[in-house]
1. Hey, what does the equivalent ellipsoid look like for the range 13-117, semi-axes from the Cα gyration tensor as sqrt of 5 times each eigenvalue, largest first, whole Å?
2. Any chance you could get the radius of gyration and Dmax over the Cα atoms of the range 44-100, in Å?
3. Given Cβ point charges of +1 (Lys, Arg) and -1 (Asp, Glu) and nothing else, what value in debye, to the nearest 20, does the dipole of the range 13-117 about its Cα centre take?
4. Taking R0 as 25 Å, what FRET efficiency do you get between Thr16 and Arg47 from their Cβ-Cβ distance, rounded to the nearest 0.05?
5. How do Thr61, Thr14, Thr80 line up, fewest other C-beta atoms within 10 Å first?
Amino acid sequence: MPAFTKPLLGRGDTSTDLKLALGAYVRELRERRGMTQADLAKAVGLRFNTAVSAIEVGRNTIPPERYLDFANALGVNPRTFMRRVLQLTNPWAFALLFSDKPEDGFREVNKRLRARSRGNEPETIQ
């Protein structure tokens, strides 16, 4: 049976890059709204602003039960937010779900991640 990997929970370069991309997205939305990390933490029901900091620097991810809270606090349509979160955190699932030709999308994600790991691709997944 093939191993199941959890890209966001791993410690490899790919999982780190994915978490960093998510963190950059959250930081961009937060700053656009003029919020501090403490403001966002309070708005989504997290006890400490360090939880937001950990997301923004790629140490942690958004807890799934807080996706809706983050979308609302950051002023983003929840479906738009979740679609972008999925694109940033699990580009393989995103490609399979949203590509016109899922096989091509999946291959393209793998190709881009390999290129980026060799230093031939920008840091974030678009």
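1. Ellipsoid semi-axes (Å, largest first): 27, 15, 10.
2. When restricted to Cα atoms, the range 44-100 yields Rg and Dmax of 12.3, 41 Å.
3. Result for the range 13-117 is approximately 80 debye, rounded to the nearest 20.
4. Calculated value: 0.50.
5. Sorted ascending by nearby Cβ count, the order is Thr80, Thr14, Thr61.
All of the numbers you see were taken from the coordinates with simple rules; none came from a lab. Since the model is a prediction, treat every value here as computed from it, not as a measurement. FYI the Cβ positions are ideal-geometry reconstructions off the backbone, even for glycines, and counts take in every protein chain you see.
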